[in-house]
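Colleague: Quick one: the structure is below, and I'll ask about it shortly.
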Amino acid sequence: MLIDIKALAASSVCDNNGTYQLKYIKYGKRECAGAGYLAYSTSIDISNLENQVKKYNELESAYLEKKNDGIDCHGHTLPPKSVACENGKLKLVY
């Protein structure tokens, strides 16, 4: 599921003309093991991306709750400051 989410975000188009808004979205619930941010632009189906990420996060939360490993991973993943377009590719700026 995460592979599909990353592929959708990676299919975003960007240019230096400001044609599309550049955004990012957080995926994953466990900060120290797999949570992160994906850059995307408004060139893709945003509602589809947001729905997929929401479902992924819900499934991961349910898994972690069931697993109950007791590891506290809060606060380790800092959000990016912005998203930039470099050579036609989206890049998270920290």
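Colleague: If L92 meets every condition in (1) at pLDDT 95 or above; (2) open to solvent by less than 40 Å² (accessible area, probe 1.4 Å); (3) more than 12 Å from the chain's Cα centre (by Cα) apart from one, which number is that one?
Modeller: So the condition that L92 fails would be (3).
Colleague: So which residues in segment 2-18 are modelled with pLDDT of 95 or more and exposed (fewer than 12 other Cβ atoms within 10 Å of the Cβ)?
Modeller: I3, D4, A7
Colleague: When only residues in segment 19-66 that are part of a loop (DSSP other than H, G, I, E, B) and closer than 15 Å to D4 by Cβ count, which is most open to solvent (accessible area, probe 1.4 Å)?
Modeller: Out of the qualifying residues, it is D45.
Colleague: Anything in segment 11-27 that is free of Cβ contacts under 8 Å to residues at least 40 places away in the same chain and within 15 Å of the chain's Cα centre (by Cα)? List them, or say none.
Modeller: S11, I25, Y27
Colleague: Counting only residues that are assigned to a loop (DSSP other than H, G, I, E, B) and under 28 Å from L59 (Cβ atoms), how many does segment 9-18 have?
Modeller: 2
The values are calculated or read from the model by the stated rules, or taken from the named source; none is laboratory data. Model, not experiment: these values are computed from the prediction. In this analysis, Cβ positions are derived from the backbone assuming ideal geometry, glycine residues included, and neighbour counts consider all displayed protein chains. Surface accessibility is based on the protein's heavy atoms, side chains included, excluding ligands, DNA and RNA. Shrake-Rupley method; radii C 1.70, N 1.55, O 1.52, S 1.80 Å.
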